[in-house]
Amino acid sequence: MFDIPEGMIYLNGNSLGPMPKEAPSAINAFLIDEWRTELVKGWNTKNWFIKSNLLGDRIGSLMGAINGTTVVGDTLSIKVFQAVAAGLAMAPKRRVILSDNGNFPTDLYMVEGLINLRNAGYTLRTPNPEDVYSQITDEVAVLMITEVDYRNSRKHDMKALIAKAHSVGATVVWDMAHSIGALPIDVTDTNTDFAVGCTYKYLNGGPGAPAFIYVAPRLLDTVEPALSGWFAHEAPFAFDLGFRPMPGKIDRMRIGTQSIAAFTLLETALDIWDDVNLYDVRSKSIELSEFFISQVEAKCQGLTLISPRDPNQRGSHVAFQFENGYECMQALIAQGVIGDFRAPDVMRFGITPLFINLDDIEKAVTVLSNILNDKIWNKPEFHNRSLVT
Ligand SMILES: *Cc1c(COP(=O)(O)O)cnc(C)c1O
């Protein structure tokens, strides 16, 4: 179902998923049948105006959300900002946002920007991930947690964190960047307040594919859209001078005009997920990850596993520490085994069962062990740092 270059072993679907085979014909049909043929009529005739909702419902079905609670659009950084701002408005007397120091930095940066903008004495606390639970107190307005650590793949117990947050009256923003499409997750069962995520990682929506935001149905009447764009208005085409949020609907979290071309690619990627059971994906991911870890530990001296050894404590990527991790990853990439590197010394490997099997894992480990045994990573060409690692 994916068009992956011949000979490449792609272990980076946790960062950017591969292209669905149907993507070229879908984007071509969008260009010719929709943009060229319909032009501006397409907002009605091709449902462009409600595509953020239609795609939101399809993503919602991958995380236990009922229809009408999820929309796609913008980028994850923006959706984090929206969700945290909305959460703060729900606890106007509280001044603490709790996250952890394993979160992806942009989530923390967006909160920093929000705090500066509000200028009302908010603080962001970033304890070690294992200390988050004990730091959930009645000072906390918003608990902003990314379930799976982008570096070492450590996984939080979201159900426990959400329950504790609710017991002290805090609101939860669950970042699913490394969860959606990798883990069976359920926003309804866990009673989460806000969930956000991106669609270009495990969902394979393409580079820069739109993000998503979920709001619990019980909050839809009151949630405050801090980024109050016209797509969130009760009557966008009344062109009123004042903003009135769409009452009781997830449309409140829409902002403005989105890339319909990008929506088309996401739609094509989601077609694949229609027939996928996330419990199957998870058990296969664990099987492949366990095999990968055992093979690397048996054949690749110098690499140290920094992901949790218990598969139930991990997401769907595996990380190893290696002093010359950057150079080693460059050498791997040169031989068609694609992972990535995170400073200072982490090599990451995404385990994505939709397009990776045991044979791929075995071949990748053989390449890696040859690179280590022959010190191929030490060649000068592997020492140049690119803009993106
Ligand atoms: C990948 C990722 C992002 C990326 O944010 P963008 O706005 O899409 O660039 C943000 N947060 C987390 C936790 C991520 O894993």
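The values are calculated or read from the model by the stated rules, or taken from the named source; none is laboratory data. In this text the structure is predicted, and so the values were computed from the model without any measurement. Heads up, the Cβs are rebuilt from the backbone with ideal geometry, glycines too, and the neighbour counts pull from every protein chain shown.
Just one of the listed residues (285, 294) is crowded, with 20+ Cβ neighbours inside 10 Å, within 30 Å of residue 346 (Cα to Cα) and out of contact with any Phe, Trp or Tyr (no Cβ under 9 Å at 6 or more places or on another chain), namely 285.
Quick check, is residue 241 surrounded by fewer than 22 Cβ atoms within 10 Å (Cβ to Cβ), of a type in the set (A, V, I, L, M) and modelled with pLDDT of 95 or more?
Numbers: surrounded by fewer than 22 Cβ atoms within 10 Å (Cβ to Cβ): yes; of a type in the set (A, V, I, L, M): yes; modelled with pLDDT of 95 or more: yes.
Yes.
The set of residues from region 187-203 being in contact (Cβ under 8 Å) with a residue 60 or more places away in the chain, closer than 21 Å to residue 107 by Cα and more than 11 Å from the ligand (Cβ to nearest atom) comprises 187, 193, 194, 195, 203. Tallying residues that are within 22 Å of residue 191 (Cα to Cα) and among the basic types (Lys, Arg) within region 42-73 yields 1. For residue 73, are the conditions met, namely being more than 17 Å from residue 192 (Cβ to Cβ), among the small types (Gly, Ala, Ser) and buried (at least 23 other Cβ atoms within 10 Å of the Cβ)? Answer is yes for this residue.
Every listed requirement among (1) out of contact with any strand residue (DSSP E or B) (no Cβ under 7 Å at 6 or more places or on another chain); (2) more than 28 Å from residue 205 (Cβ to Cβ); (3) in contact (Cβ under 8 Å) with a residue 40 or more places away in the chain is met by residue 330 save one, (2). Quick one: would you say residue 48 is aromatic (Phe, Trp, Tyr), out of contact with any Gly (no Cβ under 7 Å at 6 or more places or on another chain) and either over 23 Å from residue 316 (Cβ atoms) or outside the structural domain of residue 348 (by TED's automatic domain parsing) (or both)? So residue 48 fails the test.
In region 208-216, is there at least one residue being more than 16 Å from the ligand (Cβ to nearest atom) and modelled with pLDDT of 95 or more?
As a first pass, look at region 208-216 and keep what is more than 16 Å from the ligand (Cβ to nearest atom): 215-216.
Next cut, modelled with pLDDT of 95 or more only: 215-216.
Yes, there is a match, as at least one residue in region 208-216 is more than 16 Å from the ligand (Cβ to nearest atom) and modelled with pLDDT of 95 or more.
When each of 52, 25 is tested for being at pLDDT 95 or above and surrounded by 14 or more Cβ atoms within 10 Å (Cβ to Cβ), the lone residue that passes is 52.
The set of residues from region 307-336 being in a loop (DSSP other than H, G, I, E, B) and over 21 Å from the mean Cα position of the chain (by Cα) comprises 309, 310, 322, 323, 324, 335, 336. Within region 251-287, the set of residues being free of Cβ contacts under 8 Å to residues at least 40 places away in the same chain and within 18 Å of residue 47 (Cα to Cα) comprises 256, 257.
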